[in-house]
Amino acid sequence: MNSQSATQDPSESSLFLSCDWGTSSFRLRLIDVERGVKLAESKRDVGVKSIYLRSVKEGIDRSSLFETFLSEECQDMLQSKGMAVKSIRMMLSGMASSSIGWVDLPYARMPFPLDGSGAVVQSRELSLDSGVTIDCRLISGVCSQDEMMRGEETELMGIFSCPTYRSIAGHCLAVVPGTHSKHVVIRDGVMQSVQTYMTGELLEVLSRHSVLQATVDLATVFDQKFKMVLESQQEAFKSGVFRAKQSGLLGGLFQTRTRGVLHSAPAHDNIWFLLGLLIGEELLQIDKHYPEELPVLIAAGVRFSALYRQAAEHLDRVDRLQFVQAEDLDNASWLGQRILI
């Protein structure tokens with residue numbers, strides 16, 4: 001399902017706009033449903049949080065800010081593709097339906113079927129300056145008694161709509177790494193429960209706002225695109241994973257500082273120790289809480305898949321894991337949204 005140029009103009013009824021709007025990023029795609037292809041895409045580092053904070057700071061109506069930004073992005077995309085449509089559908093998933101988003105929707109409840117039959121969806125209408133009317137349908141998140149997620153449920157719906165992964169939809173643990181990693185138990189095609197691990201956020205908070213900040217360099221991870229380019233970084237990551245197994249997260253965190261102070265570990269290496277510690281701890285929690293025979297599907301992008309795979313290899317647990325293919329993950333949001341159309 002690669003991005004393709006249309007050989008002929010698609011019918012208006014076959015088109016929809018797919019929006020995945022997270023806390024810190026915005027992604028908009030124009031999809032031809034009939035052919036299952038992506039006709040256009042744009043990405044912006046304008047997340048829901050930035051618009052919310054602007055509304056608070058400037059005293060501007062939050063809904064108006066969201067509508068203005070969204071209208072401009074949609075108009076630019078449709079005009080750039082020369083789409084002469086009168087109206088078009090849009091599906092929005094992620095934080096756009098949260099308490100800091102465009103519309104605050106109540107969560108759908110678990111158990112939540114992968115066919116989306118339990119989804120909470122609300123319609124809003126946008127009128128573009130070009131005269132195009134957009135039927136916006138906001139998708140709420142999903143919650144259990146004491147956990148919640150927004151956006152990941154739509155991605156998982158999309159992933160398990162792919163033939164490659166249907167065979168394990170009967171019983172598996174789906175892991176969606178990120179700022180807040182989600183571990184979702186799926187049984188008989190239904191999301192039964194979710195557990196959140198703040199792996200990504202802890203990496204940032206500890207690296208920038210704790211006593212560890214003097215001995216780690218978080219910029220290295222981003223500059224190297226989450227790839228360890230030095231053998232010393234590989235060893236640091238491996239040491240972090242083993243420290244998680246030996247001492248647990250709380251018992252291992254201060255080792256990040258002692259490595260730098262007592263052993264002169266360079267900050268550009270030591271950050272990988274901290275990352276290995278965090279990912280190692282997350283993977284160890286799987287063994288602690290879920291039976292060994294339960295298949296584990298890692299739904300991560302290329303950069304995180306490699307790190308989770310390496311951590312699992314160090315723990316001798318890689319045989320338990322399966323990994324979502326990069327292309328399937330890239331298409332997951334709009335595939336999930338398509339189910340709800």
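The values are calculated or read from the model by the stated rules, or taken from the named source; none is laboratory data. Note that the structure is predicted; figures quoted are calculated from it, not measured. Here the Cβ positions follow ideal geometry from the backbone for every residue, glycine too, while neighbour counts run over all protein chains shown.
Whether any residue in segment 133-148 is in a helix (DSSP H, G or I) and in contact with a Cys (Cβ under 9 Å, 6 or more places away or on another chain) is what I want to check. No, because not a single residue in segment 133-148 is in a helix (DSSP H, G or I) and in contact with a Cys (Cβ under 9 Å, 6 or more places away or on another chain).
Within segment 45-79, being aliphatic (A, V, I, L, M) and not in a helix (DSSP H, G or I) holds for V46, I60. Flag: V194 does not match the condition of being among the aliphatic types (A, V, I, L, M), touching a residue at least 60 places away in the same chain (Cβ under 8 Å), farther than 16 Å from G94 by Cβ and touching a Ser or Thr at 6+ places or on another chain (Cβ under 8 Å).
Note on segment 115-147: residues that are within 17 Å of the chain's Cα centre (by Cα) and in contact (Cβ under 8 Å) with a residue 60 or more places away in the chain total 1.
One line per residue, one yes/no per condition, for (1) closer than 15 Å to P177 by Cβ; (2) outside any helix (DSSP H, G or I); (3) small (G, A, S):
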residue	(1), (2), (3)
V229	no, yes, no
L262	no, no, no
H268	no, no, no
F273	no, no, no
L283	yes, no, no
R309	yes, no, no
Q322	yes, yes, no
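When the residues of segment 292-307 are narrowed to those that are part of a loop (DSSP other than H, G, I, E, B) and crowded, with 20+ Cβ neighbours inside 10 Å, which ends up modelled with the lowest pLDDT? The selected residue is A300.
Taking the condition of being free of Cβ contacts under 8 Å to residues at least 40 places away in the same chain, in contact with a Gly (Cβ under 8 Å, 6 or more places away or on another chain) and not in a strand (DSSP E or B), how many residues in segment 153-191 meet it?
Counting residues in segment 153-191 that are free of Cβ contacts under 8 Å to residues at least 40 places away in the same chain, in contact with a Gly (Cβ under 8 Å, 6 or more places away or on another chain) and not in a strand (DSSP E or B) gives 3.
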